[in-house]
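K.L.:
One structure coming up, written as structure tokens, with questions to follow.
The values are calculated or read from the model by the stated rules, or taken from the named source; none is laboratory data. All values derive from a computational prediction rather than experimental measurement. Positions of Cβ are backbone-derived with ideal geometry, glycine not excepted, and every protein chain shown enters the neighbour counts.
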Amino acid sequence: MGKAFELNGEKIALFKTEDGNIFAIENRCPHLGGELSQGILSGKNIFCPLHDLKICTKTGKSEESHCIKTYEIKIADNHVYLYKGEI
Ligand code: FES
């Protein structure tokens, strides 16, 4: 499960994988708005907690061609910096 927060009006989900990688994605499923921070992370995919839509956390794309925003992450001095950008 990820951490949810809001930044400049955008809802964001932040995840840390077992191998220590951190990534951020839009915290809203493109299907019906499920909160992706509550989803299940498996490899590089997140599964929506409502209807199990599989979304790639690197590209933001789902199997059904829906798309969410992804964010570039930088870590420096024990801080996580988030850069807005779309892949
Ligand atoms: S709301 Fe995410 S799959 Fe339906």
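K.L.:
Hey, among I73, I87, which residue is part of a loop (DSSP other than H, G, I, E, B) and modelled with pLDDT under 95?
P.N.:
On the way: I73 fails: part of a loop (DSSP other than H, G, I, E, B).
That would be I87, the only listed residue that is part of a loop (DSSP other than H, G, I, E, B) and modelled with pLDDT under 95.
K.L.:
Counting only residues that are assigned to a strand (DSSP E or B) and loosely packed, with under 15 Cβ neighbours inside 10 Å, how many does region 25-48 have? Full working, then the answer.
P.N.:
Residues of region 25-48 that are assigned to a strand (DSSP E or B), as a first pass: 25-26, 40-42, 45-47.
When the remaining residues are screened for being loosely packed, with under 15 Cβ neighbours inside 10 Å, the result is 40, 42.
Residues in region 25-48 being assigned to a strand (DSSP E or B) and loosely packed, with under 15 Cβ neighbours inside 10 Å: 2 in total.
K.L.:
Could you count how many residues in region 1-23 are charged (D, E, K, R) and either crowded, with 19+ Cβ neighbours inside 10 Å or within 15 Å of the ligand (Cβ to nearest atom) (or both)? Steps first, please.
P.N.:
In the first step, residues of region 1-23 are kept if they are charged (D, E, K, R); the result is 3, 6, 10-11, 16, 18-19.
Of the ones still in play, those that are also either crowded, with 19+ Cβ neighbours inside 10 Å or within 15 Å of the ligand (Cβ to nearest atom) (or both) are 11.
Within region 1-23, residues that are charged (D, E, K, R) and either crowded, with 19+ Cβ neighbours inside 10 Å or within 15 Å of the ligand (Cβ to nearest atom) (or both) number 1.
K.L.:
Which of the residues spanning region 57-68 are under 14 Å from L14 (Cα atoms) and either crowded, with 18+ Cβ neighbours inside 10 Å or modelled with pLDDT of 95 or more (or both)? First the steps, then the outcome.
P.N.:
Just the residues of region 57-68 that are under 14 Å from L14 (Cα atoms), to begin with: 57-58, 60, 68.
Across region 57-68, the qualifying residues are T57, G60, I68.
K.L.:
Still on this model: Quick one: D19 ticks every box in (1) of a type in the set (D, E); (2) within 18 Å of L82 (Cα to Cα); (3) free of Cβ contacts under 8 Å to residues at least 40 places away in the same chain bar one, so which box is it?
P.N.:
With (1) of a type in the set (D, E); (2) within 18 Å of L82 (Cα to Cα); (3) free of Cβ contacts under 8 Å to residues at least 40 places away in the same chain applied to D19, the lone miss is (2).
K.L.:
For the condition touching a residue at least 12 places away in the same chain (Cβ under 8 Å), within 22 Å of L82 (Cβ to Cβ) and not hydrophobic (A, V, I, L, M, F, W, C), what is the one hit in K44, K61? Break it down stepwise before answering.
P.N.:
Details: K61 fails: touching a residue at least 12 places away in the same chain (Cβ under 8 Å).
Checking each option against the conditions leaves just K44.
K.L.:
Of all residues in region 24-39, which are under 15 Å from M1 (Cα atoms) and either of a type outside the set (V, I, T) or within 12 Å of the ligand (Cβ to nearest atom) (or both)?
P.N.:
Residues of region 24-39 under 15 Å from M1 (Cα atoms): 24-29, 34-39.
Answer for region 24-39, where residues must be under 15 Å from M1 (Cα atoms) and either of a type outside the set (V, I, T) or within 12 Å of the ligand (Cβ to nearest atom) (or both): A24, E26, N27, R28, C29, G34, E35, L36, S37, Q38, G39.
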